[in-house]
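Peer 1: Quick one: this structure, given as structure tokens, is what I'll be asking you about.
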Amino acid sequence: MILSGWGRYPRIDAKLSAPRNEKDLRALVLKGNAIARGNGRAYGDSAVSTQNTLHMKYFNRMLAFDAEHGQLVAQAGVLLADIIDVFLPLGWFPYVTPGTKFVTLGGMIAADVHGKNHHKEGSFAKYVEWIDLLTSDGSIKRCSAIENSDLFKWTLGGMGLTGIVLRAAIRLRPVQSAWIEQRTLVADNIGHAIELFEQSHDVTYSVAWIDCLQKGKSIGRSLIMLGEHADALIVPSKYRKTPLQIPRKRKLRVPLEFPSWSLNSLSVRAFNELYYWNGKRKRDQQLVDWDSYFYPLDSILGWNKIYGRRGFAQFQCVLPLKTADDGLRALLSAIASTRVGSFLAVLKRFGAQDSNFSFPMEGYSLALDFPVNKGSLDLMKRLDSITLEYGGRFYLAKDSRMSRNVFQHSEPRAKDYLSYRNKGAIPAVFGSAQSERLGL
Amino acid sequence: MSKGIALILGARSAIAMAIAHLFAKNGYDIQLAARNPDSLAADKSDIELRYKVTVTWHDFDALNIASHEQFVEQLPLLPDIAVCAVGYMGDQTENERDMKVTSMVMRSNYEGPASILAVLANSFEARGSGCLVGISSVAGERGRATNYIYGSAKAGFTVFLSGLRNRLSKKNVHVVTVLPGFVATKMIDGMDLPSKLIGQPEEVAVGVLKAVQKKQNVIYVKPIWQLIMVIIRNIPERFFKRMNI
Ligand SMILES: Cc1cc2nc3c(=O)[nH]c(=O)nc-3n(C[C@H](O)[C@H](O)[C@H](O)COP(=O)(O)OP(=O)(O)OC[C@H]3O[C@@H](n4cnc5c(N)ncnc54)[C@H](O)[C@@H]3O)c2cc1C
Ligand SMILES: NC(=O)c1ccc[n+]([C@@H]2O[C@H](COP(=O)([O-])OP(=O)(O)OC[C@H]3O[C@@H](n4cnc5c(N)ncnc54)[C@H](OP(=O)(O)O)[C@@H]3O)[C@@H](O)[C@H]2O)c1
């Protein structure tokens with residue numbers, strides 16, 4: 001069947017099975033060339049293997065919760081949305097969350113996802129206490145910082161290439177309310193944005209939306225949204241009696257496939273202007289419920305169809321702190337001059353790398369979506385070379401198009417991984433369309 | 001506060017499990033009954049964590065008729081609702097050749113489910129309340145060359161449920177007959193079927209909960225199946241016998 005990631009590009013004719021128990025899963029793994037698939041929210045081809053894609057949807061049980069330490073043990077196919085549904089009413093929230101809640105536990109581990117708090121609290125890896133990994137010989141290995149620790153570290157961020165995560169124990173964060181206290185700052189340009197981020201180091205959540213069509217002095221003009229989990233006491237009075245609950249919302253659904261011209265640079269420009277001025281007006285404190293704060297796009301089901309039939313791609317890189325200012329400027333100029341700018345231009349401040357193959361490093365990460373076409377693919381190639389020039393690297397969970405050459409240049413870590421693997425630690429029975437493309 | 005107790009027979013079935021989840025979500029405590037019930041440990045913790053209800057598990061073999069009275073006596077509490085999802089399709093060609101297998105199919109879909117529901121019916125009748133749900137199949141609506149052994153057993157079960165309903169309707173005990181078409185479970189994994197006709201286990205669960213709440217008698221899961229079966233039942237036998245469906 002035709003499989004793709006969230007970006008619906010590339011579309012690959014691949015074999016997909018959905019085993020219902022460990023025995024069947026093991027038998028499939030032993031056939032080789034296997035890759036696990038969570039909820040398919042990675043943008044590209046990382047959860048696709050032409051010969052042997054293994055859907056984890058039937059491994060979706062929560063196994064135990066220790067309310068004293070906030071430790072949850074669950075099977076890898078459990079959705080983050082379900083974890084929040086069950087545990088937020090009890091006063092627990094994930095320590096690290098990506099920008100969508102429709103991801104699986106296994107997917108979050110394999111991509112070692114980051115949130116808006118990476119600068120302060122690190123990536124998902126930090127809150128994983130152990131995993132049970134189904135390895136290439138069919139055996140199940142318990143991996144943690146002390147047991148099979150190398151395998152553990154290569155699996156967190158390892159994009160499914162070390163084996164299949166069956167179960168994991170993760171730690172949740174105690175929270176008093178389901179609300180986030182948000183402050184919005186306005187940055188006139190990229191330098192200003194960086195300055196504001198650096199001053200906001202102690203704030204738990206920070207993220208900037210960049211108007212990526214600005215040029216010259218106002219290049220990188222942006223809104224920076226800072227957030228903290230709100231105390232129960234400051235929850236809006238209407239909801240104070242049940243601070244861990246929020247009002248139900250309507251879900252919208254993107255009907256069919258939008259024609260791709262509906263996202264031309266004109267509408268993007270209008271969107272950006274609106275956003276900017278809106279933010280300027282309400283720059284003071286605001287209370288936002290968790291769902292709107294962390295997952296604004298989740299309320300529009302199937303928004304990936306907005307980009308039309310050809311699908312879309314995301315470019316996400318991180319630049320080291322030292323070169324971030326110049327590097328971001330170079331990236332943004334390239335984007336502004338070609339005018340294929342996207343809805344989503346997101347800037348985040350990262351802290352240090354957590355696991356062996358984690359994407360984040362101390363520095364700044366820029367992410368943008370593009371409809372797939374000749375112009376944007378060319379632009380993304382330019383962005384690749386700018387990123388290399390400034391010593392950056394790329395997020396595999398978003399990648400669908402990078403060349404092997406670019407990847408190998410950006411990732412000295414790939415060699416370490418391959419030499420670890422070639423020592424026999426993980427024979428290459430796992431592989432995705434992405435790993436094949438990148439030579440991993 | 002628990003809304004009541006739902007007993008799920010044949011709990012390892014994906015349909016049964018979806019029903020268990022939905023009833024738990026609606027506040028029912030759950031009794032899971034299956035062969036090798038310890039394989040349900042993960043499901044028990046999952047349902048308990050997700051819905052904050054109590055889940056117990058019980059060893060149950062539908063074919064061991066002699067044990068059924070004792071099985072019901074040994075339940076910690078008599079359930080308010082009992083759902084029987086036990087079933088076994090086998091392979092038609094094998095069913096045609098091997099009478100032992102044929103008998104297994106017949107007994108697993110008719111004798112076993114009817115026996116356990118009969119025992120529960122008597123207890124519910126004595127108590128003067130309760131609801132019994134039997135998962136039969138559209139396959140029992142007309143015999144087709146491709147699965148008439150299974151179909152005939154389901155037909156027997158469907159008639160059994162209808163009679164039971166008739167008997168208990170004056171006793172405040174309700175009986176629901178569920179006639180699913182294709183449902184995406186391990187029973188049809190790997191079969192090449194038109195995807196529009198395949199329902200999800202969760203849809204069956206929604207239908208069952210509604211039927212229990214609204215005291216519906218016979219439900220199909222996707223409306224299209226009701227239509228398909230009207231047509232199939234009404235094709236004259238002299239044409240039907242020559243068709244490949
Ligand atoms: C709207 C949106 C916003 C996002 N925001 C962020 C963000 O802010 N931060 C961030 O870090 N990411 C973000 N992402 C990316 C997303 O978090 C990751 O791609 C995540 O891995 C998706 O999880 P999934 O369950 O859908 O996995 P899939 O997309 O199905 O798979 C992703 C990778 O995980 C592997 N995998 C999945 N399950 C297992 C398993 N059981 N065992 C081993 N390997 C497995 C796959 O092989 C594949 O390599 C975003 C994605 C979207 C669509
Ligand atoms: N899937 C469909 O398309 C479809 C269509 C119409 C009707 N149905 C009916 O729906 C019900 C559920 O089926 P399903 O699709 O979920 O398939 P399933 O997974 O095969 O479920 C059948 C269940 O019955 C159990 N069972 C069989 N014999 C038993 C016995 N002697 N004692 C105890 N349990 C026994 C099986 O237990 P084990 O796990 O131990 O084998 C299995 O869990 C069945 O009655 C089936 O006939 C299904």
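Peer 1: Largest first, how would A:Arg41, A:Arg240 line up by accessible area (1.4 Å probe)? Before the final figure, lay out the partial values.
Peer 2: On the way: A:Arg41 70, A:Arg240 110 Å².
Reading off the accessible areas and sorting them downward yields A:Arg240, A:Arg41.
Peer 1: Ok, one more. P(r) for the range A:62-176: what percent of alpha-carbon pairs falls in each 10 Å bin, starting at zero?
Peer 2: The calculated distribution, bin by bin, is 15, 50, 30, 5, 0.
Peer 1: For the range A:1-102, what is the relative contact order in percent, using Cα pairs closer than 8 Å and at least 6 residues apart in sequence? Mind dumping the intermediate values first?
Peer 2: Values: 170 pairs, mean separation 24.0, N = 102.
So the answer I get is 23 percent.
Peer 1: May I pose another question? Under a plain spin-label model, where a point goes 7 Å from the Cα along Cα-to-Cβ, how far apart in nm are B:Ile231 and A:Ser403?
Peer 2: 5.5 nm
Peer 1: Find me the longest stretch of chain A that has none of the exposed GluC sites (Glu not before Pro), where exposed means in a DSSP loop (not H, G, I, E or B) with at most 16 other Cβ atoms within 10 Å. Each step should come with its number before you reach the end.
Peer 2: Values: sites that count: A:Glu68, A:Glu147, A:Glu257, A:Glu362.
Counting at most 16 other Cβ atoms within 10 Å as exposed, the longest clean stretch of chain A is A:148-256.
Peer 1: Which FRET efficiency value, to the nearest 0.05, do you get for A:Glu228 and A:Leu90 by plugging their Cβ-Cβ distance into 1/(1 + (r/R0)^6) with R0 = 22 Å?
Peer 2: On the way: r = 20 Å, r/R0 = 0.93.
That pair, A:Glu228 with A:Leu90, gives E of 0.60.
Peer 1: Here is a follow-up. If you take each beta carbon of peptide B:178-188 and count the beta carbons of other chains within 10 angstrom, what is the mean?
Peer 2: Working: counts 0, 0, 0, 0, 0, 0, 1, 1, 5, 0, 0.
For peptide B:178-188, the averaged partner shielding equals 1.
Peer 1: Tell me, in nm to one decimal, what length is gained between A:Leu287 and A:Glu129 on full extension, where the rule is 0.36 nm per residue of separation less the Cα-Cα distance?
Peer 2: On the way: separation 158, 0.36 × 158 = 56.88 nm, distance 3.22 nm.
Result: 53.7 nm gained on full extension.
Peer 1: Starting from the residue with the highest accessible area, list B:Ile65, B:Ile198 in decreasing order, probe 1.4 Å.
Peer 2: Numbers: B:Ile65 60, B:Ile198 40 Å².
Order by accessible area, largest first: B:Ile65, B:Ile198.
Peer 1: For Cα pairs less than 8 Å apart in space and 6+ apart in sequence, what is the mean separation divided by the residue count of the range B:173-230, i.e. the relative contact order in percent?
Peer 2: Details: 62 pairs, mean separation 27.8, N = 58.
Here the relative contact order equals 48 percent.
Peer 1: For the range A:379-385, what does the Karplus curve 6.51 cos²θ - 1.76 cosθ + 1.60, with θ = phi - 60°, yield as ³J(HN,Hα) per residue in whole Hz, taken in order and with x for Gly and Pro?
Peer 2: With coefficients 6.51, -1.76 and 1.60, one gets 4, 4, 4, 5, 5, 4, 5 Hz.
Peer 1: Return the sequence-ordered ³J(HN,Hα) values of the range A:196-213 in whole Hz as given by the Karplus equation 6.51 cos²θ - 1.76 cosθ + 1.60 applied to θ = phi - 60°, using x for Gly and Pro.
Peer 2: In residue order, the calculated couplings are 5, 4, 5, 6, 9, 4, 7, 6, 5, 10, 8, 7, 10, 9, 9, 7, 8, 9 Hz.
Peer 1: To continue, here is another question. If the only charges are +1 at each Lys and Arg Cβ and -1 at each Asp and Glu Cβ, what is the size of the charge dipole of the range B:102-224 around the Cα centre, to the nearest 20 debye? Display every interim value, and only then the final one.
Peer 2: Values: 15 positive and 7 negative charges, 98 e Å.
About 460 debye.
Peer 1: Any chance you could look up the accessible area of A:Asp325 with a 1.4 Å probe, heavy atoms only, rounded to 10 Å²?
Peer 2: For A:Asp325, solvent-accessible area is about 50 Å².
Peer 1: Measuring from centroid to centroid over Cα atoms, what is the spacing of the range A:209-237 and the range A:385-440 in Å?
Peer 2: Rounded to whole Å, the Cα centres lie 33 Å apart.
Peer 1: Just to be sure I understand the model, the point goes 7 Å from the Cα along the line to the Cβ. What's the resulting B:Thr146 to B:Ser129 distance in nm?
Peer 2: Taking the simple label geometry, B:Thr146 and B:Ser129 are separated by 4.5 nm.
Peer 1: Starting from 0.36 nm per residue, how many nanometres of slack lie between A:Arg382 and A:Ser139 once their C-alpha separation is accounted for? List each step's numbers first, then the result.
Peer 2: Values: separation 243, 0.36 × 243 = 87.48 nm, distance 4.38 nm.
Contour length minus Cα-Cα distance gives 83.1 nm.
Peer 1: Checking the a/c ratio against 1.5 first, then a/b against b/c, what shape does the Cα gyration tensor give for the range A:297-387?
Peer 2: Details: a/c = 2.17, a/b = 1.35, b/c = 1.61.
Oblate, since a/c reaches 1.5 and b/c is not below a/b.
Peer 1: Note down the accessible area of B:Val206, probe 1.4 Å, to the nearest 10 Å².
Peer 2: About 90 Å², ignoring ligands and nucleic acids.
Peer 1: Suppose we take every Cα in the protein assembly as shown and form the convex hull; what volume per residue is that in Å³?
Peer 2: On the way: hull volume 121.3 nm³, N = 685.
With only Cα atoms used, the protein assembly as shown gives 177 Å³ per residue.
Peer 1: Using a ≥ b ≥ c from the Cα gyration tensor of the range B:20-98 (square roots of the eigenvalues), is it rounded, prolate or oblate, where a/c under 1.5 gives rounded and otherwise the larger of a/b and b/c decides, a/b for prolate?
Peer 2: Prolate shape, in that a/c is at least 1.5 and a/b is the bigger ratio.
Peer 1: Let me ask another. Work out the length of the dipole vector of the range B:4-240 about its Cα centre, built from +1 on the beta-carbon of each Lys and Arg and -1 on the beta-carbon of each Asp and Glu, and round it to the nearest 20 debye. Before the final figure, lay out each step's value.
Peer 2: On the way: 25 positive and 22 negative charges, 189 e Å.
With Lys and Arg at +1 and Asp and Glu at -1, about 900 debye.
Peer 1: Let a ≥ b ≥ c be the square roots of the eigenvalues of the Cα gyration tensor of the range A:286-440; is it rounded (a/c under 1.5), or, if not, prolate (a/b larger than b/c) or oblate? Display every interim value, and only then the final one.
Peer 2: Values: a/c = 1.42, a/b = 1.37, b/c = 1.04.
Rounded.
Peer 1: Here is a follow-up. Remind me, relative contact order of the range A:18-168 in percent, using alpha carbon pairs under 8 angstrom and six or more residues apart? Mind showing how you got there, number by number?
Peer 2: On the way: 273 pairs, mean separation 32.6, N = 151.
Averaging sequence separation for qualifying contacts and normalising by length gives 22 percent for the range A:18-168.
Peer 1: May I ask you to rank B:Glu141, A:Glu411 by accessible area, largest first, using a 1.4 Å probe over the protein chains only? The partial results should precede the final answer.
Peer 2: Values: B:Glu141 45, A:Glu411 10 Å².
The ranking, largest first, comes out as B:Glu141, A:Glu411.
Peer 1: 5 Å is the cut-off here: which amide hydrogens, built 1.01 Å from N in the peptide plane, fall below it relative to B:Val218, excluding neighbours closer than 5 in sequence?
Peer 2: Amide H neighbours of B:Val218, under 5 Å, 5+ apart: B:Thr177.
Peer 1: Counting Lys +1, Arg +1, Asp -1, Glu -1, what net charge surrounds B:Ile235 among other residues with beta carbon under 10 Å of its beta carbon? Intermediate results must be reported in sequence, preceding the final value.
Peer 2: Values: positive: B:Arg142, B:Arg233, B:Arg238, B:Lys241; negative: B:Glu237.
That sum, taken over residues with Cβ under 10 Å, equals +3.
Peer 1: Sorted from largest down, give the three principal axis spans of the alpha carbons of the range B:4-240, whole angstrom values.
Peer 2: The principal-axis extents, from largest down, are 52, 39, 36 Å.
Peer 1: Leaving out ligands and nucleic acids, and using a 1.4 Å probe, what accessible area per residue does the range A:62-176 come to in Å²?
Peer 2: Numbers: 3400 Å² over 115 residues.
Accessible area per residue, the range A:62-176: 30 Å².
Peer 1: Still on this model: Not counting ligands, DNA or RNA, and with a 1.4 Å probe, what is A:Ile12's accessible surface area in Å² rounded to the nearest 10?
Peer 2: About 30 Å², rounded to the nearest 10.
Peer 1: For B:Asn244 and B:Gln213 in the same chain, what is the full-extension length gain: residue separation times 0.36 nm, less their Cα-Cα distance, in nm? Walk me through the intermediate numbers first.
Peer 2: Working: separation 31, 0.36 × 31 = 11.16 nm, distance 3.87 nm.
Additional length available on full extension: 7.3 nm.
Peer 1: Can you list the residues of the range B:29-52 that have at least 20 square angstrom less accessible area with all protein chains present than in their chain by itself, probe 1.4 Å?
Peer 2: B:Ala42, B:Asp43, B:Ser45, B:Asp46, B:Leu49, B:Arg50, B:Lys52
The values are calculated or read from the model by the stated rules, or taken from the named source; none is laboratory data. The shown structure was predicted, so the numbers you read here are calculated from the model rather than taken from an experiment. In this analysis, Cβ positions are derived from the backbone assuming ideal geometry, glycine residues included, and neighbour counts consider all displayed protein chains. SASA here: full protein model, heavy atoms, side chains in, ligands and nucleic acids out. Shrake-Rupley method; radii C 1.70, N 1.55, O 1.52, S 1.80 Å.
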